[in-house]
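Enquirer: I'd like to ask some things about the structure below.
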Amino acid sequence: MDMTEKKISSRLHYSGRIIKVYNDEILDPAGNTAYREYCRHPGGICVVPITDEGEVLLVRQYRYPYGEEVVEIPAGKRDSAAENPEEGGRRELREELGAEAEHFIPLGIFYPTPGYTDEVLYMYAATGLTFGEAAPDEGEFVEPLRYHIDTLTDMIMKGEIRDGKTQTAVLKVKYLLDRGEIKLK
């Protein structure tokens, strides 16, 4: 069965710094007219930086939509759709933690909320870390944290880490470490 929906028309409702909000009229597979509200987003990058001792570096930052501080891996939006995701990940790692990585290991892509946005997150692990000065973006306030991968995995499984990209990427790294596909010194 072909489940493709065909766009009849599209209307831009809002164009902001990060997202654009659309309302499209579509024709569904049964031939009925329906509407789809969604956001266009340039995409993002997230990185699981892990030390030779097995500690994952994270940040705690206030996330306005939730009204709380969230613990998460370093991440950010792509500067443009043309930005190389690995270069963007390396930039985020420098900005948020002042870290450079010898090895950047692709973990795949993640659709955070396919029901209403086209955002794609590129996930990476980073090993062989060296450190300098962090340089967060203007208006970005982050507190660096460290948890051993085993402790962090337990925190995820207990529901203490709520951020979806962090859950997904960290569990992938744990799996790859356990299989010997990511090696630490």
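Enquirer: Averaged across orientations, what area in nm² does the convex hull of the alpha carbons in the range 1-143 project?
Expert: One quarter of the hull surface, i.e. the mean projection, equals 11.0 nm².
Enquirer: Ok, one more. Within 13 Å, Cβ to Cβ, of T153, how many net charges do the neighbouring residues add up to if Lys/Arg are +1 and Asp/Glu are -1? Walk me through the intermediate numbers first.
Expert: On the way: positive: K158, K172, K174; negative: E55, D150, D154, E160, D178.
Counting the neighbours of T153, the net charge comes to -2.
Enquirer: Each residue of the range 26-40 in turn: what ³J(HN,Hα) in whole Hz from Karplus with 6.51, -1.76, 1.60 and θ = phi - 60°, glycine and Pro shown as x?
Expert: 10, 10, 7, x, 8, x, 8, 7, 8, 10, 10, 9, 7, 10, 9
Enquirer: With +1 assigned to the C-beta of every Lys and Arg and -1 to the C-beta of every Asp and Glu, and no other charges, what is the dipole magnitude of the range 103-185 about the Cα centre in debye, to the nearest 20? All intermediate terms of the calculation are to be shown ahead of the outcome.
Expert: Numbers: 9 positive and 13 negative charges, 113 e Å.
For the range 103-185, the charge dipole is close to 540 debye.
Enquirer: Turning to a different aspect of this structure: Which residue, chosen from F131, G164, A82, occupies the Cα position most advanced towards the positive end of the dipole of the range 44-178, where the dipole is computed from +1 (Lys, Arg) and -1 (Asp, Glu) charges on Cβ about the Cα centre?
Expert: Checking the options against the dipole of the range 44-178, the answer is G164.
Enquirer: Okay, moving on. Just the C-alpha atoms of the range 92-144: what Rg/Rh do they give, with Rh taken as the Kirkwood radius?
Expert: With Rh from the inverse mean 1/r over Cα pairs, Rg/Rh is 1.07.
Enquirer: How far apart, in nm, are two points set 7 Å out from the Cα along the Cα-to-Cβ line at K183 and at E102?
Expert: With each label placed 7 Å out from Cα toward Cβ, I get 1.1 nm.
We did not get these values from a lab; they are worked out from the coordinates using the rules stated. Remember, it's a predicted structure, so these values are computed and weren't measured experimentally. With ideal geometry, Cβ positions are generated from the backbone for all residues, glycine too; neighbour counts draw on all protein chains shown.
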